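Here is the structure we will look at.
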Amino acid sequence: MSAQHDQHEDRQQDEQLDEESAEQPGGAAARASSRAVAALVCGAVSVALVSLVALVPVPFAVESPGPVRDVLSGEGDTRLISISGAQTYPTSGSLDLTTVRVSGGPGRPVDLGLQVRAWLQGGRTALPEAALFPPGASEEQVDASNAAAFLSSQQAAVVAALTELGYDVPVRVDVTGFSDGSGAAGVLREGDVITSVDGAAVDGATSLREAVQAAAASGGAGAVVRVAVTRDGADETVEVPLGTGADGSAVLGVLVREDADPPVDVEIAVDQIGGPSAGMVFALGVVDLLTPGEMTGGRTVAGTGTIDSAGRVGTIGGIQQKLLGARAAGATAFLAPAGNCDEVVGNVPDGLQVVAVSTLAEARAAVEAVGRGEGAGLPGCS
């Protein structure tokens, strides 16, 4: 009976409460309103939390298509490439250098929202910072490195272009410093001009690397090599132990700079572009301006690729974004380093023909073929 009495009392209390609620004006509406307010508050808090998380800096950088510049544009003093000391010729069409806009990096962190958009949207790529920037580098160091690489690329482009046209342009490799723990420190000196390694002639930074690798292949990374230098006007030969670089390859342990005195004065004026990836297009522009006729046949040709003083075209980063930028700027043909072909396949925009090149001579021949309307048979990436 007690349990039944309790249940009866509970029902009476419930009924009484319901009656009281019904008797109070707006009782049910007030409860509904309270639930709506609670839902709105919870939703607002959730949105705020998501927004805060999206703004948290993450150690990623985002690549997207950057500006496209025609190296043949302008006239006289306003042309990006100005030449004195040799006859130049009028030309038309465009030789476009392509760039990548990078968001993030040392001193410029990106938030999670931008990273997620890069993953979801086409034309952008999110990469770990370590894939694009040296570990521990500051923003100032990255900017200085890019500027130095750009200047070095300009000189290599000029030397390669003039050599392609038959000029004799000797290149010196000057020692400018030493890496940490280098066995060359104290043996070689800043200002030395390296002329050979174990008898292999050195006429540029690339040939120096090749000579060191060849010496290591025969004697191991710890081998001692004979390095011939010109020091204070005299020829000397010293012995230098090889070290091991961060990638495991053999290194001489020196910082070097290519130096040359071209017989033709070439000035390249491009602001706010860093790194070496425009080298090949600069070289093509110099060749076009120093030769009669229109290399492009009036068409728009774009490209990318590093270049060394011997005219070898090297790989670059961000080629997928550069392909998109080139097509958006109206290019119908794109010169890509052969070493980047694995990144090109499957990422070519409609209406753009990609031509794979390994040397400046190949790049020049490709542009001339496109200009004649004979580019259909040029080698691509597959």
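Annotations for the structure displayed:
- Listed peptides 226-237, 322-333 by packing density, highest first (mean Cβ within 10 Å): 322-333, 226-237
- Residue-count net charge about D70 - beta-carbon cut-off 11 Å; Lys, Arg +1, Asp, Glu -1: +1
- Taking amide hydrogens as placed 1.01 Å from N in the peptide plane, the amide H of T300 sits under 5 Å from those of S94, T332, each at least 5 positions away in sequence or on another chain.
- A straight chain from D261 to A223 at 0.36 nm per residue would run longer than the Cα-Cα distance by 10.3 nm.
Every number in this text was worked out from the coordinates using simple rules, so none of it is lab data. Fair warning: this is a prediction, and the values are worked out from it, not measured in the lab. Every residue, glycine as well, gets a Cβ built from its backbone with ideal geometry; the counts of neighbours run over all protein chains shown.
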